[in-house]
1. Can you list the residues, at least 5 places off or on another chain, whose amide H is less than 5 Å from the amide H of E262, using H built in the peptide plane?
2. What would the Debye equation give as log₁₀ I(q)/I(0) for region 3-203 at q = 0.08, 0.10, 0.13, 0.14 Å⁻¹, counting only Cα atoms as equal point scatterers?
3. Based on alpha-carbon centroids, what's the gap between region 1-54 and region 357-371 in Å, whole number please?
4. If one computes the Cα centroid of region 102-181 and of region 536-555, what distance in Å separates the two points?
5. Output the antiparallel fraction of DSSP beta bridges having both residues in the chain, as a percent to the nearest 5.
6. Tell me whether region 455-564 comes out rounded, prolate or oblate; compute the Cα gyration tensor, take square roots of the eigenvalues as a ≥ b ≥ c, and use a/c under 1.5 as the rounded threshold.
7. Please report, as a whole percent, how much of the solvent-accessible surface of region 151-239 comes from carbon and sulfur atoms (probe radius 1.4 Å).
8. What list of ³J(HN,Hα) couplings, whole Hz, do you get for region 476-486 from phi and the Karplus terms 6.51, -1.76, 1.60, once you set θ to phi - 60° and write x for glycine and proline?
Amino acid sequence: MGKILRVNLTDMEVKIEGLPHEDVLRMYVGCWGLGLRMLYDRLPLGISPLDPENLLIFMTGPLTGIAHVPCSNNTTIATLNADTGFTAGRSHSHGFFGPNLKFAGFDGIVVEGAAEKPVYLWIHDGEVEIRSAEKFWGRDTHETEDLIKRDVGEEKASVAAIGPAGENCCAGALIENDKHHSFSHSGVGAVMGSKKLKAIAVYGTQKVPVYNEEKLKEVTKEWRDNLFKSDVARGLAKGGIPRDEYRYAKNMSITTAKNMLEVSPPEWGVGMSKHKITPKACFACPIACSYEVEITSGPKKGYVATPAGGGENLEGAASISGVYDSGWVFYLIDLFDRVGFESSTLGCTIALLIECYEKGLITKEDTGGIELKWGDPELVEKLVWMAARKEGWLGKLLAMGPKRAAEVIGGDAPDFAIHIKGAGMNLHDWRATWGIMLGQIVGGGSGWPAPAADAWATEPDAGFPEYQDPLDPKIKPIAVAKTWPKKYWDDCNGTCWFATWGVPGSLRFTAEAVSAVTGWDFTAEEALLVGERAVHLERAFNVRRGLTPEDDLNVPKRIVEAPPSGKAKGRAMEPYLKGMVMEVYRLMGWDEKTGKPLRSTLKRVGLEDVAKDIWG
Ligand code: SF4
């Protein structure tokens, strides 16, 4: 441990470097914080996400791979976001990949350059091999995982692989690992595909060193005792989303349907619990949100799907296109995972095209005779494959993602393309929870940055022990500004977010666990500062690559208009948008004219060098 692998695929060369000095490490800690800092320092300006110069940084945290710590399995990718084209890409995954990387002796991997022919990495107990992946090219992510495990002769290896979508550098391409999990956001699969890197297999047998085992046991006991006080941990436990038949999100009016033309349709979720659901926990996870599901009825009866535990993926794969049948929902999410698409990006693009077709903006002539309509699972299946292969006009359009596809179609299409800065928006329908929507709008287009105490869980450690009115334009900027640093701290320490989100005391538990593991005297205040520093550093990264307030204000109409039904019926965020965005800027210490973090803000969090970069 304490080592980072540096793999240059242009030169087919592997080097090992040490982690930064402790002074630097304490400022960024791991996962998103450390990966982002490395990206900021090493990525040249003026390159595009699919250029060989882009970096694909896999980073674990100090708690990753330590069995006492609940859900200690996070790995984060930092890269130039292939879906927005210009912002910092952030993508987390769970399962066993991160722990195995640590057990193999490494804290992170930096991939640079691009291979001439498909390759995969085999990392095992301190050894690294770059192997040919030509025979696996074209295979889906699950097949690739099985084949590579056989190829390396280690069934317990963890494999992170791209599917055809990543190979063909499609918008929204993901990297799937351990069958249930994926690095979903920021187009990371396309970046990996551009490097001709089909997969990374890792396995190790080393133990992650812990400075003070007794102290760690003490704090993690308290942490585990508090874990299920969070609504989110309780709600997700043991495959909770399908077992509950999606009642929570339906009741909150946040289930996306038909490109947001509908809200929480009554048929959605019905029958999900009737299929055979078997919870599948990640490394050291007492929650087990993920599950295997055998479809027990309908045309896909007998098919076994392996989804992750949230609901957003299900909505992107199915309800956004009007597909509500529970058997098809599970089949389709598995299809997206196997072909290698993050479901909201492609799902939003499919839904956009269906709406465009309905409105006459595209015709049967454009689609090559294919009729685009809501609620047709076989059509969705066909379109997923067409997108992955960039087949014909329609396939090429789908592979562009919602923003670019809408620009090609023209007319009013950009108004109803659901995206954040070009990247597919994390679905649910956040028009009923303005804090989560606002966080995404001012974020960099790589998933939620701020939970805002709107829904799913409160944020007691960020000052919100109770849920906040999800439609209050005055409270929401405050909730975003307060929960964002906490969330980014949770993204740095090496645990799955579900182990900390809404868990009372989690800030102290994580800080004390980091102290016990590293031997630092790390405090909750320092942890929060690490999170805040990452918020400003990401913003500075994005500003240097062209982000302006216009990017936060010129959002598609659809995501800020009033929903047609449900709890937020008739309530549009649009009239308040500018005021809310500017209030977030003020609270975060960002300049209202340029959107840059103020020099004083950067100085306060120890980023004087970054202040120089953006202010001179
Ligand atoms: S809560 Fe879900 S995603 Fe998180 S570690 Fe557990 S099974 Fe994995």
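The values are calculated or read from the model by the stated rules, or taken from the named source; none is laboratory data. A quick note: this is a predicted structure, and the numbers were derived from the prediction, not measured. Positions of Cβ are backbone-derived with ideal geometry, glycine not excepted, and every protein chain shown enters the neighbour counts. Surface areas here come from the heavy atoms of the whole protein model, side chains and all, with no ligands, DNA or RNA. Shrake-Rupley method; radii C 1.70, N 1.55, O 1.52, S 1.80 Å.
1. HN-HN under 5 Å from E262: A257.
2. Each listed q corresponds, in turn, to -0.22, -0.34, -0.60, -0.70.
3. 45
4. 32
5. 80
6. Details: a/c = 2.69, a/b = 1.45, b/c = 1.85.
The shape class here is oblate.
7. Values: 1480 of 3090 Å².
Of the solvent-accessible surface of region 151-239, carbon and sulfur hold 48 percent.
8. 4, x, 5, 5, 5, 5, 7, 8, 4, x, 5
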